[in-house]
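Let me begin by presenting the structure, written as structure tokens, before commenting on it.
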Amino acid sequence: MGQHSFPLNAWYAAAWDVEVGRTLLPRKIAGAPIVLYRKESGEATALADACWHRLLPLSKGWLNGDNVVCGYHGLEYDEAGRCVYMPSQDTINPSACVKSYPIVERHRFVWIWPGDPALADPDLVPDLHWNDSPGWSSDGKMIPVRCNYRLVVDNLMDLTHETYVHGSSIGNRAVAESPFTVTHSEKTATVTRWMENIEPPPFWRAQLGKPGNVDRWQIINFEAPCTVAIDVGVAPAGTGAPDGDRSQGVNGFVLNTITPETESTCLYFWAFARNYDLENQARTHQLREGVATIFREDEDVLEAQQKAIEANPDHVFYNLNIDAGSMRARKLIDRMIARETSLAEAAE
């Protein structure tokens, strides 16, 4: 367990809820090939994506009612992973089964627990309630990224890069030059940055729709191992936002949860939620596509970074003040992994 950069005893987003239906959806979660589908009742199910007989991915088969049929020799598995049919024989080998995974649907995502099923507490699902709460309008996408998931976490915990990577949309000098604070708990880390009486970047000028300088905020909330909810927005300068009155501004949440596939690839699920102009579906679509364009800029940087890391495996990184949030996040991840390693060693 200790050789992985990710813990196994955690809830990971496997799919947007609309992605899972009456067809077989393959995904790799924390190194494990998994197939997802919905039973006729609509309940989501997740099984290991490998037939017990000859290891053909079950995702290459089809559904027969609620059973998955292997596309090679026709073995059928129920939602618990038990083989319930073998061709040309009446007796089914009792060892014929595949792993089933705990699954929870919450906040418009399908979450999977790849570790010890006995520890899969639904109350531990990360809080991304803005994605489906009254008073918020939200939409997003999933991006497959060819980098280790922690690089995406690093990227989100230090938003000074907006000044340089996203200068035409959400970044300006104020992001890099404004002070910030970092706080943490046993499982969370928070980076808070206020930028007062600044000129807003183009994205936020368009969202606010008012002239003049603004007070801007970025409050980055990390929940180990891989979920980041960022409270963002602007209000006209001097209208009280830093003191808690955001009523004259616009408020959004950038919702992110990053699922490790392998040590060098991940699935980046994100959404942008807003609490203004809620019924405007055209704006929802424009925001989703606009944020997707911004994140493609991040994707280019992260994939280039991953290649450089692989080409320089002995390189030692030096941390700056701006890395305080990402360093704290990595410590929390490492602590989760160390706990799992200790439990595994104690059980041996």
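Just so it is clear, none of the values below were taken in a lab; they were calculated from the coordinates. What you see is a predicted model, and the numbers here were worked out from it, not measured in a lab. Please note: Cβ atoms are built from the backbone with ideal geometry, for glycine as well, and neighbour counts cover all protein chains shown.
Rg and Dmax of the chain, both derived from C-alpha coordinates alone, stand at 22.4, 78 Å. Pairs from the list Lys60/Lys99; Lys141/Lys187; Lys28/Lys307 with a Cα-Cα gap above 23 Å: Lys141/Lys187. Taking Ile103, Ile92, Ile112 in turn, the Gaussian network model of the chain (Cα-Cα springs below 10 Å) assigns the largest fluctuation to Ile92. Using the alpha-carbon centroid of each, what span in Å lies between the stretch 281-337 and the stretch 78-138? Answer, in whole Å: 28. When the chain is treated as a GNM with alpha-carbon contacts under 10 Å, the residue of Gly325, Gly42, Gly244 showing the greatest mean-square fluctuation is Gly244. Per q in 0.10, 0.16, 0.20, 0.26 Å⁻¹, report the Debye log10 I(q)/I(0) for the stretch 206-293, using one uniform scatterer on each alpha carbon and no solvent. With no solvent term, the Cα-only Debye profile gives -0.33, -0.74, -1.01, -1.30.
Protection proxy ranking, highest mean first, for peptides 82-89, 133-140: 133-140, 82-89, where packing is the per-residue count of other beta-carbon atoms within 10 Å, averaged. From the largest down, the stretch 72-150 spans 57, 30, 26 angstrom on the principal axes of its Cα atoms.
Prolate is the label for the stretch 1-158, because a/c, from the alpha-carbon gyration tensor with a ≥ b ≥ c as root eigenvalues, is 1.5 or above and a/b exceeds b/c. Our summary gives the chain a relative contact order of 18 percent, counting only alpha carbon pairs under 8 angstrom and 6 or more residues apart. Every Cα-Cα pair in the stretch 1-80 was counted, and those over 22 Å apart are 26% of them.
Shown for the chain: cysteine residues without a partner Cβ closer than 4.7 Å, namely Cys83, Cys97, Cys147, Cys226, Cys266.
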